[in-house]
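A short write-up of the structure that comes next.
Just so it is clear, none of the values below were taken in a lab; they were calculated from the coordinates. Just so it is clear, the structure is predicted and the values come from calculations on it, not from any experiment. Neighbour counts run over all protein chains shown; Cβ positions are idealised from the backbone, glycine included.
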Amino acid sequence: MTDRWRVRWPNVTALAPATRRVALAVLACALVLSGCSAAEDRLIDTVHAFADALSRGDTAAAAALTSDPPAAKETLDGLFAGLGTDVQFDVDTVEPKGGTAAFTLDAHWTFGPQGRNEWTYETYGVATDGGEWSIIWSPVTVAPGLDEGPLSYSTLLPRPAARVLDRTGAELLTQHVVTLVDIGPGVDVNAVAALVNPVEPTITSDSLTAALAAVDDEPVTAVTLREDDITPIEERLAALPEVTLRPQLRLLATDRALTSPTLSGLADLWQQHTDAAAGWAVSAQTELGPKQVGGRDPEPVDDITATLDVAMLGAAEDALAPLATPAALVVIQPSTGDLLAVAQNDPADAQGPIALTGLYPPGSTFKTVTVSAALQTGAVTGDSMVNCPGTENIDGRQIPNDDGFDLGEVPLHTAFARSCNTTMGRLAVDLPPDGLTDAAAQLGLGVDYVAPGMTTVTGSVPLADTPALRVEEGIGQGRVTASPFGMALVAAALAHGSAPAPAIVAGRPGVADRAPEPPPAGVAEAIRSMMRETVTDGTAAQLRDIPDLLGKTGTAEFIDDQHAHGWFVGIDGDRAIAVFVSDAGSSVPAVETAGRFLRAVR
């Protein structure tokens, strides 16, 4: 046998333990048959055992096979602390020569979510036979750069970072440095509140005490402050016992006054784009600073252009601000389906994104659907004469008009404009069980859309298989529900002639879970004419100063029929609007809110 040979080993460390033992035994036998000595068998076992221990992250076992176990274990402990243990080491070659042997290892590390980032390399090592084979300890036998300092993994973010812009190109969301103010048990809550309250009025000594009590006096983040807010008080806050300041990068609204529920969805989309483009680095912490030994550069990222309009968002939030109960306003562009504004007031924010996903009875705004279904039967037209008594018993359900007003016999368009419940109940009871369900879907209500950057729910219009259910649903009560977003989509569909695919990112429209046929030709036009009369001579007459505005008011009873939500849906040129005011008592607050907004954006 020559004193130098080379063997390329199969990946036995990747096998199950029992299979690996058999494979090693077969390899050993093969070497014996070829003239290999028992010492060389032990060499093979040692190198493979070293690779196997590294793959398991067993630093003690790996270090014990080296010439300097204490030093090896300390280095390996630091390596796995810095890079994790998601790694596979395989023996590539072994080349004995006398009492020593050279070997190579192939390493494959995975990092990040779902092991997205991979680092592979080959290393070189030496083993020596001092009665028993051992690995001559050298950090570079395990990883390049490990001899220069501990290794660490880091994410490399794209630079410059992507921005989220509004439809005009104005900055909507940008990266900001914020500071988390953490407080612990025993903190002087009065001192913290005195410093923070002027910039964040919700922070008081009582609120801080309650926050600590809620987590059993564990440390808690009391408030997150922007850079310009914390700068004047940073030194004094940091000097307080049990106060820790933690700076972070966050994506925030460029205009701090904006609190639209759409911003979180856009921020999530931004994060997805940033994560997909991010690079990574494995660096050795040398005396001269970090030295990259592996990784991938980040890719450039494009800005995200939202369909929202910053000016409209501000006007919408201002219009909602005077309301004391939860309220929301949604504006959609009918020609494109683009969301132009989505806003809520503070009481609504406390309940979540109700503008996009809150479900409520839509009341008389749903009469747009009822009339659409009735017109499609051919039984009535907009000019058909219908009865509008002050109250009527329809198949056992007593239906009153608001304050019991009685119009007698009037054209359908007048009954719509004046919001006659009795007329609509009578129209609905003669519809088939799926009449309202299908007519609603034609206008987007009850259809679910998946669109990048937003989560929405339009509403639900269940089959009405009894006359009583059809009467209830015909006036937007019973089991019918709609979100403010859903009713804005209904208005947009009436303006457009069919439901447009909603979007909040330019050029990325939502995908519907189904695609109902649009209303027949002429139906949407007839309803738009009735909505115009609602503004000129009906329940929304206080908005008649807004040229060419179309609208429909709504009051929806809930709980015990002693409470009512207020609604308004409208079409103003290429803008469809829905306003919802919880527990408003009537539609008046919603109509007033719509007026404040529409007059501000003209």
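Here is how the numbers come out for the structure above:
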{"quantity": "Among Leu208, Ala38, Leu245 - extreme Cα towards positive end, dipole of the chain, charges at beta-carbon", "calculated": "Ala38"}
{"quantity": "Cα-Cα pairs of segment 452-601 separated by more than 25 Å (percent)", "calculated": "33 percent"}
{"quantity": "Pair-distance profile P(r), taking every C-alpha pair of segment 187-273, with 10 angstrom steps and integer %", "calculated": "14, 41, 31, 13, 0"}
{"quantity": "Global geometry of segment 263-352, whether rounded, prolate or oblate, following the gyration tensor of its Cα atoms and the 1.5 cut on a/c", "calculated": "prolate"}
{"quantity": "Distance between segment 480-539 and segment 391-444 - C-alpha centres, whole angstrom", "calculated": "20 Å"}
{"quantity": "Rounded if a/c under 1.5, otherwise prolate or oblate - segment 472-529, Cα gyration tensor axes", "calculated": "oblate"}
{"quantity": "Where Rh is the Kirkwood radius over Cα pairs, Rg/Rh for segment 388-539", "calculated": "1.00"}
{"quantity": "Cα pair distances of the chain binned at 20 Å [whole percent]", "calculated": "17, 32, 24, 18, 8, 1"}
{"quantity": "Environment charge at Asn387 (Cβ cut-off 10 Å; Lys +1, Arg +1, Asp -1, Glu -1)", "calculated": "-2"}
{"quantity": "All lysines inside 23 Å of Lys291 as judged from Cα atoms, apart from same-chain residues fewer than 8 positions distant", "calculated": "Lys73"}
{"quantity": "Reachable lysines from Lys552, criterion Cα separation under 25 angstrom, eight or more residues apart if same chain", "calculated": "Lys367"}
{"quantity": "Overall form of segment 436-511 per C-alpha gyration tensor (a/c, 1.5; a/b vs b/c)", "calculated": "prolate"}
